[in-house]
Amino acid sequence: MNLRPLILAALVFVAAPATAEEATVHDSSRIVSIGGPVTEILYALGAQDRIVGRDSTSTYPPQAEALPDVGYMRALSAEGVLSLSPTLILAVEGSGPPDVIHLLDGARVDFVTIPDAPDPKGVAAKIRAVAEAIGEPQRGEDLAAAVEADFAALEASLAGVQGRPRAAFVLTMSGGAPLVGGAGTSADGALALAHADNVFAGLSGFKPATPESVLAAAPEVIVTMQSPAHRPETIAQSPIFASTPAGRNANIVAMDGTYLLGFGPRAAHAMRDLAAALHPQADIPQLPARPWVGAGGP
(Lines give C-alpha, C1' and ligand atoms only; values in the text may rest on other atoms or scores of the structure.)
Protein backbone atom coordinates (compact mmCIF):
# COMPACT_ATOMS: atom_id res chain seq x y z
CA MET A 1 0.00 0.00 0.00
CA ASN A 2 1.34 3.42 -0.94
CA LEU A 3 1.28 5.51 2.24
CA ARG A 4 2.47 8.76 0.67
CA PRO A 5 -1.08 10.10 0.04
CA LEU A 6 -2.06 9.26 3.63
CA ILE A 7 1.02 10.95 5.04
CA LEU A 8 0.50 14.08 2.97
CA ALA A 9 -3.19 14.15 3.82
CA ALA A 10 -2.34 14.18 7.50
CA LEU A 11 0.15 17.02 7.16
CA VAL A 12 -1.57 19.92 5.43
CA PHE A 13 -4.78 21.78 6.12
CA VAL A 14 -6.17 24.41 3.71
CA ALA A 15 -9.62 25.93 3.50
CA ALA A 16 -12.07 25.36 0.66
CA PRO A 17 -14.63 27.97 -0.36
CA ALA A 18 -18.05 26.29 -0.01
CA THR A 19 -19.48 24.39 2.95
CA ALA A 20 -22.24 21.81 2.93
CA GLU A 21 -24.61 24.26 4.59
CA GLU A 22 -24.03 26.91 1.92
CA ALA A 23 -24.28 24.72 -1.18
CA THR A 24 -27.34 23.91 -3.25
CA VAL A 25 -27.04 20.62 -5.11
CA HIS A 26 -29.07 20.17 -8.29
CA ASP A 27 -27.85 16.79 -9.52
CA SER A 28 -25.95 14.09 -7.62
CA SER A 29 -26.07 11.42 -10.31
CA ARG A 30 -22.34 11.62 -11.15
CA ILE A 31 -20.11 12.23 -8.14
CA VAL A 32 -16.38 12.77 -7.92
CA SER A 33 -15.43 11.97 -4.33
CA ILE A 34 -12.36 13.69 -2.87
CA GLY A 35 -11.15 12.32 0.47
CA GLY A 36 -11.12 8.78 1.83
CA PRO A 37 -13.82 9.32 4.48
CA VAL A 38 -16.15 10.94 1.94
CA THR A 39 -15.88 7.89 -0.30
CA GLU A 40 -16.43 5.53 2.64
CA ILE A 41 -19.55 7.46 3.61
CA LEU A 42 -20.94 7.30 0.08
CA TYR A 43 -20.53 3.53 0.09
CA ALA A 44 -22.08 3.26 3.56
CA LEU A 45 -25.07 5.27 2.31
CA GLY A 46 -25.49 2.92 -0.64
CA ALA A 47 -24.61 5.64 -3.16
CA GLN A 48 -21.57 3.92 -4.67
CA ASP A 49 -23.21 3.59 -8.09
CA ARG A 50 -23.19 7.38 -8.40
CA ILE A 51 -19.41 7.70 -7.95
CA VAL A 52 -17.58 8.26 -11.23
CA GLY A 53 -14.18 9.14 -9.77
CA ARG A 54 -12.22 9.31 -6.53
CA ASP A 55 -8.93 10.64 -5.21
CA SER A 56 -5.89 8.52 -4.36
CA THR A 57 -6.65 8.49 -0.61
CA SER A 58 -9.97 6.74 -1.29
CA THR A 59 -8.85 3.12 -0.92
CA TYR A 60 -11.70 1.71 1.18
CA PRO A 61 -13.79 -0.24 0.56
CA PRO A 62 -11.50 -2.13 -1.83
CA GLN A 63 -14.03 -1.78 -4.67
CA ALA A 64 -13.34 1.96 -4.69
CA GLU A 65 -9.87 1.37 -6.12
CA ALA A 66 -11.45 0.27 -9.40
CA LEU A 67 -12.82 3.79 -9.92
CA PRO A 68 -10.95 6.40 -11.99
CA ASP A 69 -8.32 8.12 -9.83
CA VAL A 70 -8.15 11.92 -10.13
CA GLY A 71 -4.94 12.15 -8.09
CA TYR A 72 -3.92 13.16 -4.61
CA MET A 73 -6.54 15.23 -2.80
CA ARG A 74 -4.19 18.19 -2.19
CA ALA A 75 -2.69 18.17 -5.68
CA LEU A 76 -5.77 17.99 -7.87
CA SER A 77 -6.03 19.27 -11.43
CA ALA A 78 -9.26 20.86 -12.58
CA GLU A 79 -8.93 19.15 -15.96
CA GLY A 80 -8.58 15.71 -14.41
CA VAL A 81 -11.66 16.12 -12.24
CA LEU A 82 -13.84 17.74 -14.89
CA SER A 83 -12.84 15.18 -17.54
CA LEU A 84 -15.14 12.71 -15.76
CA SER A 85 -18.15 14.97 -16.42
CA PRO A 86 -19.30 15.06 -12.80
CA THR A 87 -22.56 16.68 -11.76
CA LEU A 88 -21.34 16.93 -8.15
CA ILE A 89 -17.92 17.21 -6.54
CA LEU A 90 -17.72 16.30 -2.85
CA ALA A 91 -14.37 17.38 -1.39
CA VAL A 92 -13.28 16.90 2.19
CA GLU A 93 -12.10 20.05 3.93
CA GLY A 94 -8.43 20.65 3.15
CA SER A 95 -8.53 19.51 -0.48
CA GLY A 96 -6.40 21.55 -2.84
CA PRO A 97 -4.49 23.32 -4.13
CA PRO A 98 -6.66 26.37 -3.40
CA ASP A 99 -6.56 27.75 -6.95
CA VAL A 100 -7.86 24.45 -8.34
CA ILE A 101 -10.59 24.31 -5.70
CA HIS A 102 -11.69 27.81 -6.68
CA LEU A 103 -11.73 26.78 -10.34
CA LEU A 104 -13.83 23.71 -9.56
CA ASP A 105 -16.12 25.69 -7.29
CA GLY A 106 -16.66 28.20 -10.08
CA ALA A 107 -17.32 25.60 -12.77
CA ARG A 108 -20.82 24.67 -13.83
CA VAL A 109 -20.73 21.72 -11.46
CA ASP A 110 -22.14 21.56 -7.95
CA PHE A 111 -19.27 21.65 -5.44
CA VAL A 112 -19.62 20.86 -1.74
CA THR A 113 -16.91 20.99 0.92
CA ILE A 114 -17.33 18.38 3.65
CA PRO A 115 -16.18 19.33 7.20
CA ASP A 116 -13.41 17.25 8.72
CA ALA A 117 -12.97 17.26 12.50
CA PRO A 118 -11.25 14.28 14.21
CA ASP A 119 -13.82 13.61 16.93
CA PRO A 120 -17.23 11.91 17.26
CA LYS A 121 -19.21 15.08 16.56
CA GLY A 122 -17.04 15.75 13.53
CA VAL A 123 -17.61 12.26 12.13
CA ALA A 124 -21.38 12.62 12.54
CA ALA A 125 -21.31 16.07 10.92
CA LYS A 126 -19.30 14.66 8.02
CA ILE A 127 -21.84 11.90 7.46
CA ARG A 128 -24.80 14.27 7.61
CA ALA A 129 -23.12 16.71 5.22
CA VAL A 130 -22.49 14.02 2.60
CA ALA A 131 -26.00 12.63 2.96
CA GLU A 132 -27.58 16.07 2.66
CA ALA A 133 -25.54 16.83 -0.45
CA ILE A 134 -26.73 13.69 -2.25
CA GLY A 135 -30.35 14.05 -1.17
CA GLU A 136 -30.35 11.21 1.36
CA PRO A 137 -30.80 13.00 4.70
CA GLN A 138 -32.65 10.16 6.42
CA ARG A 139 -30.07 7.57 5.47
CA GLY A 140 -27.44 9.98 6.70
CA GLU A 141 -29.23 10.46 9.99
CA ASP A 142 -29.50 6.70 10.47
CA LEU A 143 -25.80 6.20 9.70
CA ALA A 144 -24.71 9.11 11.90
CA ALA A 145 -26.87 7.85 14.78
CA ALA A 146 -25.34 4.38 14.53
CA VAL A 147 -21.80 5.76 14.55
CA GLU A 148 -22.63 8.07 17.47
CA ALA A 149 -24.02 5.07 19.37
CA ASP A 150 -20.81 3.16 18.69
CA PHE A 151 -18.70 6.02 20.03
CA ALA A 152 -20.92 6.22 23.13
CA ALA A 153 -20.58 2.47 23.70
CA LEU A 154 -16.81 2.72 23.39
CA GLU A 155 -16.62 5.58 25.87
CA ALA A 156 -18.78 3.64 28.34
CA SER A 157 -16.54 0.58 28.03
CA LEU A 158 -13.44 2.71 28.67
CA ALA A 159 -14.90 4.52 31.68
CA GLY A 160 -13.63 1.91 34.13
CA VAL A 161 -10.25 1.32 32.51
CA GLN A 162 -7.42 2.33 34.82
CA GLY A 163 -4.54 4.47 33.63
CA ARG A 164 -3.78 6.38 30.46
CA PRO A 165 -0.60 5.26 28.67
CA ARG A 166 1.81 7.96 27.55
CA ALA A 167 1.77 7.60 23.78
CA ALA A 168 3.59 9.10 20.81
CA PHE A 169 2.22 8.95 17.29
CA VAL A 170 4.96 8.63 14.67
CA LEU A 171 3.85 9.49 11.15
CA THR A 172 7.18 8.86 9.43
CA MET A 173 10.84 8.21 10.18
CA SER A 174 13.08 10.17 7.84
CA GLY A 175 16.80 9.82 8.32
CA GLY A 176 16.18 8.55 11.83
CA ALA A 177 14.15 11.64 12.79
CA PRO A 178 10.49 11.04 13.64
CA LEU A 179 7.61 13.21 12.49
CA VAL A 180 5.19 13.14 15.41
CA GLY A 181 1.56 14.11 15.83
CA GLY A 182 0.80 17.09 18.04
CA ALA A 183 -2.37 18.92 19.02
CA GLY A 184 -5.06 19.39 16.40
CA THR A 185 -4.11 16.31 14.37
CA SER A 186 -6.17 13.25 13.61
CA ALA A 187 -3.54 11.27 15.52
CA ASP A 188 -4.09 13.41 18.62
CA GLY A 189 -7.83 12.86 18.30
CA ALA A 190 -7.37 9.11 18.00
CA LEU A 191 -5.15 8.89 21.08
CA ALA A 192 -7.62 10.90 23.15
CA LEU A 193 -10.55 8.70 22.13
CA ALA A 194 -8.52 5.60 23.02
CA HIS A 195 -7.81 7.08 26.49
CA ALA A 196 -4.11 7.70 25.96
CA ASP A 197 -2.12 10.84 26.71
CA ASN A 198 -0.29 12.31 23.74
CA VAL A 199 3.24 13.08 24.92
CA PHE A 200 3.61 15.59 22.09
CA ALA A 201 0.37 17.46 22.73
CA GLY A 202 2.49 20.56 23.35
CA LEU A 203 3.25 20.68 19.64
CA SER A 204 0.76 21.85 17.03
CA GLY A 205 0.26 19.72 13.93
CA PHE A 206 2.83 17.20 12.72
CA LYS A 207 6.35 18.28 13.65
CA PRO A 208 9.82 16.71 13.68
CA ALA A 209 10.94 15.65 17.15
CA THR A 210 14.49 16.09 18.43
CA PRO A 211 16.30 13.37 20.39
CA GLU A 212 16.10 15.59 23.47
CA SER A 213 12.34 16.08 23.17
CA VAL A 214 11.77 12.34 22.67
CA LEU A 215 13.81 11.46 25.75
CA ALA A 216 12.00 14.10 27.80
CA ALA A 217 8.61 12.90 26.57
CA ALA A 218 9.45 9.29 27.52
CA PRO A 219 6.59 7.61 25.64
CA GLU A 220 5.44 4.25 27.00
CA VAL A 221 3.98 3.23 23.65
CA ILE A 222 4.47 4.32 20.04
CA VAL A 223 1.55 4.32 17.62
CA THR A 224 2.21 4.36 13.89
CA MET A 225 0.76 3.35 10.53
CA GLN A 226 1.50 -0.02 9.00
CA SER A 227 4.15 0.59 6.38
CA PRO A 228 6.93 -1.33 4.66
CA ALA A 229 8.96 1.89 4.87
CA HIS A 230 9.23 1.75 8.66
CA ARG A 231 8.51 -1.56 10.33
CA PRO A 232 7.45 -1.23 13.97
CA GLU A 233 10.56 -2.96 15.25
CA THR A 234 12.82 -0.54 13.38
CA ILE A 235 11.17 2.40 15.14
CA ALA A 236 11.68 0.78 18.53
CA GLN A 237 15.31 0.02 17.72
CA SER A 238 16.10 3.45 16.29
CA PRO A 239 18.58 5.45 18.39
CA ILE A 240 16.03 8.19 19.08
CA PHE A 241 13.52 5.79 20.67
CA ALA A 242 15.72 2.96 21.94
CA SER A 243 16.19 4.56 25.38
CA THR A 244 12.51 5.37 25.92
CA PRO A 245 10.16 3.02 27.79
CA ALA A 246 8.42 2.24 24.50
CA GLY A 247 11.71 1.40 22.82
CA ARG A 248 13.09 -0.68 25.67
CA ASN A 249 9.89 -2.74 25.81
CA ALA A 250 9.32 -2.78 22.03
CA ASN A 251 5.84 -1.46 22.76
CA ILE A 252 4.67 -0.42 19.30
CA VAL A 253 1.13 -0.39 17.90
CA ALA A 254 0.84 -0.32 14.10
CA MET A 255 -2.54 0.03 12.37
CA ASP A 256 -3.85 0.63 8.87
CA GLY A 257 -3.53 4.37 8.27
CA THR A 258 -6.85 4.89 6.51
CA TYR A 259 -8.68 2.98 9.24
CA LEU A 260 -6.92 4.77 12.10
CA LEU A 261 -6.77 8.36 10.83
CA GLY A 262 -9.63 8.57 8.34
CA PHE A 263 -12.38 9.45 10.82
CA GLY A 264 -15.07 8.13 8.52
CA PRO A 265 -17.92 5.75 9.42
CA ARG A 266 -15.43 3.11 10.69
CA ALA A 267 -13.88 5.52 13.19
CA ALA A 268 -15.50 4.19 16.37
CA HIS A 269 -14.39 0.65 15.53
CA ALA A 270 -10.88 1.89 14.77
CA MET A 271 -10.71 3.69 18.11
CA ARG A 272 -11.95 0.55 19.87
CA ASP A 273 -9.16 -1.49 18.25
CA LEU A 274 -6.60 1.16 19.17
CA ALA A 275 -7.87 1.25 22.76
CA ALA A 276 -7.65 -2.54 23.01
CA ALA A 277 -4.03 -2.40 21.85
CA LEU A 278 -3.16 0.45 24.25
CA HIS A 279 -4.90 -1.17 27.23
CA PRO A 280 -4.04 -4.87 26.83
CA GLN A 281 -4.98 -5.59 30.45
CA ALA A 282 -8.56 -4.40 29.92
CA ASP A 283 -11.40 -6.42 28.45
CA ILE A 284 -12.78 -3.94 25.94
CA PRO A 285 -15.79 -5.46 24.18
CA GLN A 286 -16.20 -5.44 20.44
CA LEU A 287 -18.59 -2.87 19.02
CA PRO A 288 -21.66 -4.03 17.08
CA ALA A 289 -20.93 -5.43 13.65
CA ARG A 290 -21.67 -2.87 10.96
CA PRO A 291 -21.88 -3.54 7.21
CA TRP A 292 -19.71 -0.50 6.43
CA VAL A 293 -16.89 -1.75 8.66
CA GLY A 294 -16.45 -5.19 7.14
CA ALA A 295 -14.92 -8.26 8.70
CA GLY A 296 -11.94 -7.60 10.92
CA GLY A 297 -12.01 -3.80 10.84
CA PRO A 298 -9.68 -2.54 8.11
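The values are calculated or read from the model by the stated rules, or taken from the named source; none is laboratory data. Note that the structure is a prediction, hence the values are computed from the model and not measured. Glycine also receives a Cβ, built like all others from the backbone with ideal geometry; neighbour counts cover every protein chain displayed.
Among the listed residues A192, A153, which satisfies the condition of being touching a strand residue (DSSP E or B) at 6+ places or on another chain (Cβ under 8 Å) and not in a loop (DSSP other than H, G, I, E, B)?
On the way: A153 fails: touching a strand residue (DSSP E or B) at 6+ places or on another chain (Cβ under 8 Å).
Checking each option against the conditions leaves just A192.
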*Do you know which residues across the stretch 172-199 are under 15 Å from the mean Cα position of the chain (by Cα) and among the polar types (S, T, N, Q)?*
T185, S186
*When you look at D110, is it in contact with a His (Cβ under 9 Å, 6 or more places away or on another chain) and more than 19 Å from S56 (Cα to Cα), yes or no?*
yes
*Among the listed residues A145, A167, which satisfies the condition of being modelled with pLDDT of 95 or more and either basic (K, R) or in a helix (DSSP H, G or I) (or both)?*
A145
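Condition first: of a type in the set (G, A, S), closer than 30 Å to D150 by Cα and over 16 Å from the mean Cα position of the chain (by Cα). Now tell me which residues in the stretch 103-123 satisfy that.
Let us first name the residues in the stretch 103-123 that are of a type in the set (G, A, S), namely 106-107, 117, 122.
Checking which are closer than 30 Å to D150 by Cα leaves us with 117, 122.
None - no residue of the stretch 103-123 is of a type in the set (G, A, S), closer than 30 Å to D150 by Cα and over 16 Å from the mean Cα position of the chain (by Cα), so the list stays empty.
Taking the stretch 45-67, which residues are in a helix (DSSP H, G or I) and touching a Phe, Trp or Tyr at 6+ places or on another chain (Cβ under 9 Å)?
Applying the first criterion (in a helix (DSSP H, G or I)) to the stretch 45-67 yields 48-50, 62-66.
Result: Q63, A64.
Just one of A196, A242, A190 is more than 21 Å from G94 (Cβ to Cβ) and touching a Pro at 6+ places or on another chain (Cβ under 9 Å); which is it? Lay out the reasoning, then the answer.
Numbers: A242 fails: touching a Pro at 6+ places or on another chain (Cβ under 9 Å); A190 fails: more than 21 Å from G94 (Cβ to Cβ).
Testing whether each residue is more than 21 Å from G94 (Cβ to Cβ) and touching a Pro at 6+ places or on another chain (Cβ under 9 Å) leaves just A196.
I'd like the full set of residues that are surrounded by 15 or more Cβ atoms within 10 Å (Cβ to Cβ) and either more than 30 Å from E155 (Cα to Cα) or not aliphatic (A, V, I, L, M) (or both), limited to the stretch 103-114. So that I can check it myself, show each step before the final result.
We begin by selecting, within the stretch 103-114, every residue surrounded by 15 or more Cβ atoms within 10 Å (Cβ to Cβ); these are 103-105, 109-114.
Scanning the stretch 103-114 gives L103, L104, D105, V109, D110, F111, V112, T113.
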*Checking P62 against (1) crowded, with 17+ Cβ neighbours inside 10 Å; (2) under 15 Å from W292 (Cβ atoms), which test does it fail?*
(1)
